[in-house]
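Written below as structure tokens is the structure these notes are about.
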Amino acid sequence: MIKPLADRVVIEPKEVETKTAAGLYIPDTAKEKQQQGTIIAAGPGKKDEPMEVKVGDVVLYGQYAGTEVTVDGKKLLVVRQSDILAII
């Protein structure tokens, strides 16, 4: 398991939808990068900036935020707390 440092969190992105509400399949070339996920690990925060998010929170993050890593075959995203836009 990854243990993030300082104000970083590890996010498991939500699965990308492969079908529209009408039942049409979306090709891989037309899919957008997911911007929603669940926090699975959080760092302790910085001395002057406490953590506002916690493990289990579902969050929205910037489209190009963070670094993608693969751990045990799962794609995860490591982002700074400041890259998180909202808690859902």
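Looking across region 53-65, just one residue is surrounded by 12 or more Cβ atoms within 10 Å (Cβ to Cβ) and either over 11 Å from the mean Cα position of the chain (by Cα) or among the basic types (Lys, Arg) (or both), and that is Val53. Within region 1-20, the residues that satisfy the criterion of being open to solvent by less than 100 Å² (accessible area, probe 1.4 Å) and either in a strand (DSSP E or B) or acidic (Asp, Glu) (or both) are Asp7, Arg8, Val9, Val10, Ile11, Glu12, Pro13, Lys19.
When the residues of region 70-84 are filtered to those that are touching a residue at least 40 places away in the same chain (Cβ under 8 Å) and under 11 Å from the mean Cα position of the chain (by Cα), the one that is most open to solvent (accessible area, probe 1.4 Å) is Lys75.
The values are calculated or read from the model by the stated rules, or taken from the named source; none is laboratory data. The model shown is predicted, which means the values in this text are computed figures rather than measured ones. Don't worry about glycine lacking a Cβ; one is built from the backbone with ideal geometry, like all the others, and counts go over all protein chains shown. Surface accessibility is based on the protein's heavy atoms, side chains included, excluding ligands, DNA and RNA. Shrake-Rupley method; radii C 1.70, N 1.55, O 1.52, S 1.80 Å.
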